[in-house]
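Below you'll find the structure, written out as structure tokens, and then a few comments.
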Amino acid sequence: MKSGLHLVLQILLWGICAFNVIIGFGLNLSPDFPQVVASYYGAEVAWTPAFMYIIKPLGAFMITVGLLAGIAARDPLKHASIVYAVALLFLMRGLQRFVYMDEIANAVNIEPGRNVINGVFFIALSAILVLVYRAFVKKAD
């Protein structure tokens, strides 16, 4: 029987998997989907052909991150490096929201308040993932 920590960790990792795979495929397969995602983030983007191309490799990275999170979700103890890598990615994405706040505001018009919320979300997700994982490992020992 799985412990509560194991279940929470798996839910986090499966959620990360699903979100990234869905967004990744959406960015690659639907010309309208990127606009929906941009509006969710509060971004205003010039939808040039060059920009539409650039988001396709981003989608490929997201699919890969999602699949790796799914692998880790199946056996978190066996895949510690994936769990920590995903947490590091979210930490970096959160910190980028603060380090590049002016550039983000100028490039895609995301309001600073919204950007702070997005940054805090990513940092919190990273911290929660690491804390739950470490507690799970400690309990498994």
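The values are calculated or read from the model by the stated rules, or taken from the named source; none is laboratory data. Just so you know, these numbers come straight off a predicted model, no measurement behind them. Because the Cβ atoms are built from the backbone with ideal geometry, glycine has one as well, and the counts that use them run over all protein chains shown. Just so you know, the surface numbers come from the protein's heavy atoms only, side chains and all, with ligands and any DNA or RNA stripped out. Shrake-Rupley method; radii C 1.70, N 1.55, O 1.52, S 1.80 Å.
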Gaussian network model of the chain, springs between alpha carbon atoms under 10 Å - residue of Ala107, Ala73, Ala85 with greatest fluctuation: Ala107
Within a Gaussian network of the chain (alpha carbon springs, distance under 10 Å), most fluctuating of Phe51, Phe122, Phe33: Phe51
Accessible area (Å², per residue) of the chain, counting only protein heavy atoms and a probe of 1.4 Å: 61 Å²
Kyte-Doolittle at least 1.0, axis length at least 15 Å by Cα - qualifying DSSP helices, the chain: 4-29, 49-74, 80-99, 112-140
Once exposed loop trypsin sites (Lys or Arg not before Pro) are cut out (DSSP; at most 11 other Cβ, 10 Å), longest piece of the chain: 3-77
Global geometry of the range 2-73, whether rounded, prolate or oblate, following the gyration tensor of its Cα atoms and the 1.5 cut on a/c: prolate
Gaussian network model of the chain, Cα within-10 Å springs - most flexible of Val99, Val83, Val45: Val99
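How would the range 37-77 be classified by its alpha-carbon gyration tensor: rounded, prolate or oblate, with rounded meaning a/c under 1.5 and the a/b versus b/c comparison settling the rest?
Details: a/c = 6.63, a/b = 2.30, b/c = 2.89.
Oblate is the answer for the range 37-77, as a/c is 1.5 or above yet b/c matches or exceeds a/b.
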Accessible surface of Phe25 - all protein chains present, 1.4 Å probe, nearest 10 Å²: 100 Å²
Potential lengthening between Ile71 and Leu58 on full extension [0.36 nm per residue; Cα-Cα distance subtracted]: 2.7 nm
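For the range 76-141, what class follows from the C-alpha gyration tensor (a ≥ b ≥ c being the square roots of its eigenvalues): rounded when a/c is under 1.5, otherwise prolate if a/b is larger than b/c, else oblate? Intermediate results must be reported in sequence, preceding the final value.
On the way: a/c = 4.97, a/b = 2.95, b/c = 1.68.
Prolate, because a/c is 1.5 or more and a/b exceeds b/c.
Sort Tyr53, Tyr100 from largest to smallest accessible area, using a 1.4 Å probe on the heavy atoms of the protein chains.
Sorted by accessible area, descending: Tyr53, Tyr100.
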In Å², nearest 10: area of Met52 left accessible to a 1.4 Å probe: 40 Å²
Additional length obtainable on full extension of the chain from Gln96 to Phe25, 0.36 nm per residue less Cα span: 23.2 nm
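If you rank Leu27, Leu7 by how much accessible surface each has, with a 1.4 Å probe, what is the order from largest down?
On the way: Leu27 10, Leu7 95 Å².
My answer, sorted largest first, is Leu7, Leu27.
Can you figure out the FRET efficiency of Val137 with Val108, using R₀ = 30 Å and their beta-carbon distance, to the nearest 0.05? Intermediate values should be presented prior to the final figure.
Working: r = 38 Å, r/R0 = 1.28.
Efficiency for this residue pair is about 0.20.
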Carbon/sulfur fraction of accessible area - the chain, other protein chains in place, 1.4 Å, %: 71 percent
